[in-house]
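The structure under discussion is supplied below as structure tokens; questions concerning it will follow.
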Amino acid sequence: MEDWFAQSGLNDLFAPAKTVSGLRDALKNAQDFLEVAPPPVARREDVSLSQGELTVPARVYVPHGAKEPKGPALVFFHGGGFILGSLDGYDPMCQRLAAVSGLRVVSVDYRLAPEHPFPAATDDSFAAFDAIAAGALDEYGVDADQLAVGGDSAGSNISASIARERRGQVSFQLLLYPLMQLIEVKKPRPRWQDGPFLSTATLKEIRKHYVQDADPADPLISPLMAEDLKGVAPVYMLAAELDPLTDEGKVYADRLEAFGVPVERVMHKGVPHGFLSASRVFPACIPALEGAARALAKAFD
């Protein structure tokens, strides 16, 4: 196990002194060791989504048997704490979600900190969503009137903001171990929740690189701070037991329910934050993602 860990590059990935660029390189090099191949899809193409002055890269997945000529789609935002993540890094997850759900998936590649701190990620993500909602992906069969938003970790943070600000245009939310706030929390987390993919120290780095001089209580940074959640789209929330974000995800789910929003929250025991991107390492990954994909499909039945 120790030799495998070294060969995979994961030792470098989790080194505390690693620079952001070094972390990105280590994550890229580790992917082949982390993931098994997902089921095939009928079509997988890179596109550009333009809205206003912004042009945002994205990748479209059209599964076999997708509803024709148009059908619902998931607009997906990757995780990585706003400093890591890419279309390629989340390719297996998005392809699996598309193949199992039977829905089209559009993966959005927003700009990253520290080169592009807040609000670059949200600006790109809103621009991409607005372009799709305006019919930019008609040729791929994306029904602009049947859009879900979703993502993991930081991607769920973005998804929650879009669902709130574009309520009425979003039909469903798929929130995978969501990062719901970046306010400094003094209450110590149990040490067993500090996993290899996310720890209290990592969250401090995210705040430093992404938030910078912005107000961390801004609901676009910390959706948990939003005052009004009435009428936002129903939610499927996946939680990981060994995750420092578990408690804030539960609080957000409770707040949604208090506003009358339907929420299904599924807890996966014995796994850390990030396990959905490590199908070769965590056997629970694939059934967990398949469960999320079935919930997505059910939302549009």
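When Lys and Arg each count +1 and Asp and Glu each count -1, what net charge do the other residues less than 11 Å away from ARG164, Cβ to Cβ, add up to? Mind dumping the intermediate values first?
Details: positive: ARG166, ARG167, LYS230; negative: GLU165, GLU227, ASP228.
My count for the surroundings of ARG164 gives 0.
Could you go through the range 160-174 in sequence order and give the Karplus-derived ³J(HN,Hα) for each residue, using 6.51 cos²θ - 1.76 cosθ + 1.60 with θ = phi - 60°, rounded to whole Hz, and x for Gly and Pro?
After applying 6.51 cos²θ - 1.76 cosθ + 1.60, I find 4, 5, 5, 4, 6, 7, 10, 4, x, 9, 10, 8, 6, 10, 10 Hz.
Through the Karplus equation 6.51 cos²θ - 1.76 cosθ + 1.60, θ set to phi - 60°, convert the phi angles of the range 269-275 into ³J(HN,Hα) values in whole Hz; use x for Gly and Pro.
For the range 269-275, the Karplus-derived couplings read 7, x, 10, x, 3, x, 5 Hz, x marking Gly and Pro.
Given the Cα-Cα distance of ALA37 and GLU68 and 0.36 nm per residue of separation, how much length would full extension add, in nm?
Values: separation 31, 0.36 × 31 = 11.16 nm, distance 2.63 nm.
In short, 8.5 nm is gained.
Amide H to amide H, which residues 5 or more places from VAL75 or on other chains are under 5 Å from it, using H placed in the peptide plane?
HN-HN under 5 Å from VAL75: VAL106, ALA148, VAL149, GLY150.
Here, each number is a calculation from the coordinates, and none is a lab measurement. Computed from a predicted structure; not experimentally measured. As a convention, Cβ positions derive from the backbone with ideal geometry for all residues, glycine included, and neighbour counts pool all protein chains shown.
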